[in-house]
Amino acid sequence: MTTLEDRPNTGLLVVDVQTGVVEGSPGRDTVVANIGRLVAKARQEGVAVVWVQHHSEDLEQGSDAWRIVPELDQRETEPLIGKTYGDSFEETELETVLSGLGIGRLIVVGAQTDACIRSTLHGALVRGYDATLVSDAHTTEDLTQWGAPPPEQVIAHTNLYWGDQTAPGRTAGTVATAEVEFQGA
C-alpha cells in the first residue's frame with residue numbers, strides 16, 4: 001500500500017484539536033467525542049496516537065486557546081508535534097516521529113478542515129503515506145464573511161473529494177468513525 005518501505009504500521013494523527021481552534025465550530029462536541037472514541041480505540045489496539053498542536057500570533061503557546069481541548073487526554077508518552085504551518089509535516093519533527101514508529105498509514109482527524117486538515121492530508125499523500133480522513137471527526141470555523149462556503153459545506157466537500165483521491169502505490173479516502181479499522185487495513 002504505502003510507498004514508504006518498512007512502514008507497516010498505522011497511526012492516528014490528531015491535528016489541532018485545540019480550545020481556540022474548535023471553539024464555535026459546527027458539530028464541535030460530536031467531532032471531539034468521535035476523536036475521543038478513536039483515541040481510546042487506537043490505544044486499546046496498540047496503535048500510535050500522534051498529536052499536532054498549532055501555534056501562531058493568534059494562538060500563543062501556553063495560552064488557554066492553544067491547549068488541547070479538555071475532553072481529550074494527550075498522554076506524555078504520545079508524541080506531540082508543534083507546528084506553525086498548515087501542513088503538519090512542514091518544518092516539524094512529524095516525519096522523523098512517524099518513521100521511528102514505522103508508520104506508513106495515517107488516519108487523520110481534527111481541525112480545521114479547509115486549512116490544516118487538507119494541507120496535512122495532501123502533505124502525507126505526496127510524501128508516500130496512505131492517508132484516510134475520518135469523515136465525522138473533523139470540523140472548521142465559519143469563514144462565510146470572507147466568502148467561504150458555510151462550514152457544513154466545506155466539511156461535506158472535503159469528504160467528497162478526499163474520498164476519490166488516488167496516487168501511485170498509495171491509498172486515500174474517507175471513513176466514518178464507526179468504520180475505522182486500525183489493524184489489517
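The values are calculated or read from the model by the stated rules, or taken from the named source; none is laboratory data. Given the structure is predicted, the values throughout are model-derived calculations rather than measurements. No Cβ is skipped: glycine too gets one built from the backbone with ideal geometry, and neighbour counts run over all protein chains shown. For accessibility, only protein heavy atoms count, side chains too; no ligands or nucleic acids. Shrake-Rupley method; radii C 1.70, N 1.55, O 1.52, S 1.80 Å.
Do you know which residues across region 36-59 are among the aliphatic types (A, V, I, L, M) and either under 16 Å from the mean Cα position of the chain (by Cα) or open to solvent by 30 Å² or more (accessible area, probe 1.4 Å) (or both)?
Here is the first cut: in region 36-59, the ones among the aliphatic types (A, V, I, L, M) are 38-40, 42, 47-50, 52, 59.
Answer for region 36-59, where residues must be among the aliphatic types (A, V, I, L, M) and either under 16 Å from the mean Cα position of the chain (by Cα) or open to solvent by 30 Å² or more (accessible area, probe 1.4 Å) (or both): Leu38, Val39, Ala40, Ala42, Val47, Ala48, Val49, Val50, Val52.
Determine which member of the set Thr77, Thr132, Thr139, Thr113 is without any contact (Cβ under 8 Å) to a residue 40 or more places away in the chain and of a type in the set (S, T, N, Q). Walk me through how you get there before you give the answer.
Values: Thr132 fails: without any contact (Cβ under 8 Å) to a residue 40 or more places away in the chain; Thr139 fails: without any contact (Cβ under 8 Å) to a residue 40 or more places away in the chain; Thr113 fails: without any contact (Cβ under 8 Å) to a residue 40 or more places away in the chain.
When all the criteria are applied, what remains is Thr77.
Applying the selection to region 60-114, what residues are over 17 Å from the mean Cα position of the chain (by Cα) and open to solvent by less than 30 Å² (accessible area, probe 1.4 Å)?
Listed by number, the list holds a single entry, Gly102.
Can you tell me which residues in region 115-132 are farther than 16 Å from His157 by Cα and open to solvent by less than 30 Å² (accessible area, probe 1.4 Å)? Reasoning before the result, please.
Of region 115-132, the ones farther than 16 Å from His157 by Cα are 120, 123-131.
Listed by number, the residues that qualify are Thr120, Gly123, Ala124, Leu125, Gly128, Tyr129, Asp130, Ala131.
Would you please list the contacts, defined by Cβ atoms under 9 Å and residues six or more apart or on different chains, that run from a residue in region 31-60 that is assigned to a strand (DSSP E or B) to a residue that is among the acidic types (Asp, Glu) and surrounded by fewer than 21 Cβ atoms within 10 Å (Cβ to Cβ)?
Going by the 9 Å Cβ cut-off, the qualifying pairs are Ala48/Glu78; Val49/Glu78; Val50/Glu78; Trp51/Glu78.
Yes/no per residue for (1) among the small types (Gly, Ala, Ser); (2) touching a Lys or Arg at 6+ places or on another chain (Cβ under 9 Å); (3) surrounded by 20 or more Cβ atoms within 10 Å (Cβ to Cβ); (4) at pLDDT 95 or above:
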site: Thr140; (1), (2), (3), (4): no, no, yes, yes
site: Pro150; (1), (2), (3), (4): no, no, no, yes
site: Ile155; (1), (2), (3), (4): no, no, yes, yes
site: Asn159; (1), (2), (3), (4): no, no, no, yes
site: Asp164; (1), (2), (3), (4): no, no, no, no
site: Gly173; (1), (2), (3), (4): yes, no, no, yes
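Which residue out of Leu12, Leu94 is modelled with pLDDT of 95 or more, of a type outside the set (Phe, Trp, Tyr) and within 21 Å of Glu179 (Cβ to Cβ)?
Details: Leu94 fails: within 21 Å of Glu179 (Cβ to Cβ).
Of the residues listed, the single one that is modelled with pLDDT of 95 or more, of a type outside the set (Phe, Trp, Tyr) and within 21 Å of Glu179 (Cβ to Cβ) is Leu12.
Do we find that Leu106 is in contact (Cβ under 8 Å) with a residue 24 or more places away in the chain, hydrophobic (A, V, I, L, M, F, W, C) and under 13 Å from Val14 (Cα atoms) in this structure?
Values: in contact (Cβ under 8 Å) with a residue 24 or more places away in the chain: yes; hydrophobic (A, V, I, L, M, F, W, C): yes; under 13 Å from Val14 (Cα atoms): yes.
Considered against the rule, which asks whether it is in contact (Cβ under 8 Å) with a residue 24 or more places away in the chain, hydrophobic (A, V, I, L, M, F, W, C) and under 13 Å from Val14 (Cα atoms), Leu106 comes out as yes.
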